[in-house]
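Before any comments, here is the structure.
What follows is calculated from the coordinates using simple rules that are stated; it is not laboratory data. As the structure is a prediction and not an experimental result, all values here were calculated from the model. Using ideal geometry, Cβ is built from the backbone for each residue, glycine included, and neighbour counts are taken over all protein chains shown.
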Amino acid sequence: MTAVPPRPLVLGVETSCDETSAAVLDGRNRLLGHVILSQDVHEVFGGVVPELAARAHLRKLDAVVDEALTRSGVTLGEVDVLGATAGPGLIGALLVGVCWTKAAAYALGKPMIAVHHMEAHLFGPVLEDAEAEPPFVALLVSGGHTLLLHAESWGRYTLLGETRDDAAGEAFDKVAKLLGLPYPGGPHVERAAREGDSRKHRLPRPMLRRNQTPDSPDYYAFSFSGLKTAVVELVRALEEQGTFAAERNDVAAAFQAAAVDVLASKTMRAVEETGCRRVLVGGGVSANGALREELARRLGADGRLFHASARLSLDNGAMVARAARFRYDLGEVSGAEATAMADMPFPGLHRRTA
Ligand code: KG4
Ligand code: ZN
């Protein structure tokens, strides 16, 4: 006979973009079972098609939850708390997870928690490293968001900076497309960059100037669309010269070096201003080895860098279950009014006052 896992058992459901995922955590936040199904329907379009994403979630979510429960050795009826990503994300995709979870919670008479996707990314690393707890400076870099926060404690976050245009992951995806690499572009750009020389071409570092001071409005802000335009122009010039194919990896390396420099420099500004030498990097782009290495290098021996494995950096149900558990412990249960919100406000996030 197997021992009954400690309660509460939390089911997390993630459908905000193009991963259909579900996971079960036990009462000690141990991951019992986890399934992540990446939709491949988008590959031929070179980006996520929202309508197709929603339809694919609808087709697969039942099976994904079933498999996560089976791997956990838990039945749906034994689950105590159900959490689903309610936003931000693609509205049609979010609605599938929220409606499924709401219906299941209602049928089972169990509480449901509407989870914020980016808060969930903050909980990725702590699933694998119990020390990845606030206080920390958090750099959240995904396909839709680029946020620099100071997390004083779980649920208390100060927003230092965010992107003014494209997200970091979006920039990786757009540059991949320009270089003729498949979607999602991040890992392909990283691989190409490893083979290239970042010093062959110098690309701009948007919003990063040495003379900025903490009271400058751009001190912590990010912008990636200008960097992408610079890559467009560089690719065009190399094509005209007929050297694009030979220099493709160098362009990938120059782009990655510029993006990593901006991300790491602004993060280190936050480390200096807050005096907090603990840094967490989360979201899909945190799977990037060059970004992690640069952050670790700049933090030095007296700093700590927390990040999750690639599996828990990218979208997943486990982080959603963990964030749901946190909100559940605070008594923040959603009722029948729970709904999906494409631009859901980040709970507990306050703007920095300079
Ligand atoms: O967090 P995530 O899985 O989904 C969103 O919440 O958006 O992040 C996906 C993003 C994509 O833009 C993808 O290209 C990027 O993360 N990404 C990477 C890497 N792996 C994934 N970017 C750079 N380097 C990587 N190794
Ligand atoms: Zn994400």
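Within the stretch 307-322, the set of residues being among the aliphatic types (A, V, I, L, M) and within 11 Å of the chain's Cα centre (by Cα) comprises Ala308, Ala310, Leu312, Leu314, Met319.
Quick check, is Val41 aliphatic (A, V, I, L, M) and more than 21 Å from Leu108 (Cα to Cα)? Before you say what the answer is, go through the steps one by one.
On the way: aliphatic (A, V, I, L, M): yes; more than 21 Å from Leu108 (Cα to Cα): yes.
Yes: the conditions hold for Val41.
Checking Val141, Val137, Val81 one by one, the residue that is buried (at least 20 other Cβ atoms within 10 Å of the Cβ), within 16 Å of ligand 2 (Cβ to nearest atom) and in contact (Cβ under 8 Å) with a residue 60 or more places away in the chain is Val141 and no other. Could you list all residues from the stretch 107-123 that are of a type in the set (Val, Ile, Thr) and more than 16 Å from ligand 1 (Cβ to nearest atom)? Residue satisfying the conditions is Ile113 alone.
Determine which member of the set Val115, Val64 is under 13 Å from Gly317 (Cβ atoms) and in a strand (DSSP E or B). Before you say what the answer is, go through the steps one by one.
Details: Val64 fails: in a strand (DSSP E or B).
Testing whether each residue is under 13 Å from Gly317 (Cβ atoms) and in a strand (DSSP E or B) leaves just Val115.
Residues in the stretch 306-332 that are surrounded by fewer than 23 Cβ atoms within 10 Å (Cβ to Cβ) and aliphatic (A, V, I, L, M) were compared, and the one that is nearest to ligand 2 (Cβ to nearest atom) is Ala310. The selection criterion, being of a type in the set (A, V, I, L, M), farther than 21 Å from Gly12 by Cα and either away from ligand 2 (no atom under 16 Å from the Cβ) or in contact with a helix residue (DSSP H, G or I) (Cβ under 8 Å, 6 or more places away or on another chain) (or both), does not hold for Leu90.
Of all residues in the stretch 151-165, which are closer than 21 Å to Ala130 by Cβ and in contact (Cβ under 8 Å) with a residue 24 or more places away in the chain?
The first filter runs over the stretch 151-165 and keeps only residues closer than 21 Å to Ala130 by Cβ, leaving 151-157.
Matches in the stretch 151-165: Ala151, Trp154, Gly155, Arg156, Tyr157.
Any residue in the stretch 189-204 that's within 11 Å of Ala176 (Cα to Cα): show its pairings with residues that are within 16 Å of ligand 2 (Cβ to nearest atom) and in a loop (DSSP other than H, G, I, E, B) at Cβ separation under 7 Å, as long as the two are six or more apart or on different chains. Qualifying pairs under 7 Å: Glu190/Asn288. Number of residues in the stretch 97-106 that are touching a helix residue (DSSP H, G or I) at 6+ places or on another chain (Cβ under 6 Å) and within 16 Å of ligand 2 (Cβ to nearest atom): the value is 0. Which one of Val48, Val24 is of a type in the set (A, V, I, L, M) and within 18 Å of Ala84 (Cβ to Cβ)? Testing whether each residue is of a type in the set (A, V, I, L, M) and within 18 Å of Ala84 (Cβ to Cβ) leaves just Val24.
When the stretch 152-171 is examined, which residues are found to be more than 16 Å from ligand 2 (Cβ to nearest atom) and buried (at least 24 other Cβ atoms within 10 Å of the Cβ)? It would help to see each step written out before you state the result.
Looking only at the stretch 152-171, we keep the residues that are more than 16 Å from ligand 2 (Cβ to nearest atom), and these are 152-161, 164-165.
The answer is Leu160, and nothing else.
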